[in-house]
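What follows is a single structure, written as structure tokens, with notes after it.
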Amino acid sequence: MDGHTVAGRITGRLHLVAGTPEHVRAELESPLKLGVLLNADVPRDWPPGEYDRKAQEFFLERMGRADPSETCWYVWYAVLRVAAGGRGSLLGTGGYLGPPDTDGVVEIGYSVSRAWRGKGFAGEIVDGLVAQAFSDGRVSRILAHTARENAASQRVIERAGFRPAGPCPDRDQLQFELRRIWRNQTQ
């Protein structure tokens, strides 16, 4: 994420694929077209959670204005890894709201398809996004927001090392942060 194109990141069970404008355009046209590009089966309830059409359009617009080296600061697709040559399963998405700001802050988000929830994939996506963000020396802090009533999401964020970060502009949400220094102390 230092100016080079990032194709993906491998976690324990997932291949996190950095989305391109081509991916998002295909997804907006038909989730099945996204599946072809990712060589993955797409769940019937795609897109998951808050990653709806409005979010997809937001990311496509942002990616269209971004330097091509910064497209990895937006959408990432979580595909269940399979043996070489096999077809994967798209199970979720995550990403950032954009590149780090002048203070080194990025914000992450993630969503997992209903059929794949409760299996630890959300945590794996968050851990992969955190590792990807901190691989860029500009990033000093990562923010995440969850709905107040979404205890499962709060547990995912807290397990990844995030701590409450004061009041959130949206009263229905909680804000969490992970600072690079905290991450380094726990490794």
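Coordinate-derived values only; no laboratory data. Treat the numbers as computed from the prediction; the structure is a model and nothing was measured. Backbone-built Cβ (ideal geometry, glycine too); neighbour counts: all protein chains shown.
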Legend entry - Dipole axis of the chain (+1 Lys, Arg; -1 Asp, Glu on Cβ), positive-most option in SER30, ALA115, THR71: ALA115
Inset, instruction - State the label only: which of (1) 16.7; (2) 26.6; (3) 19.5 corresponds to Kirkwood radius over Cα pairs in Å computed from the shown model? - result: (1)
Inset, instruction - Report the label-to-label distance for GLN173 and ARG65 in nanometres (one decimal), using points 7 Å from each Cα along the Cα→Cβ vector. - result: 1.7
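So which GluC sites (Glu not before Pro) in segment 32-84 are both in a DSSP loop and have at most 13 other Cβ atoms within 10 Å of their Cβ?
On the way: sites: GLU50, GLU57, GLU61, GLU70; in loops: GLU50.
The qualifying sites are GLU50.
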Legend entry - Dipole moment magnitude, nearest 20 debye, the chain about Cα centre, only Lys, Arg, Asp, Glu C-beta charged: 600
Legend entry - Gain upon complete extension [LYS54, ASP41; 0.36 nm per residue less C-alpha separation]: 2.4 nm
Inset, instruction - Please tell me the relative contact order of the chain in percent, rounded to the nearest whole number, where contacts are Cα pairs under 8 Å and at least six residues apart. - result: 19
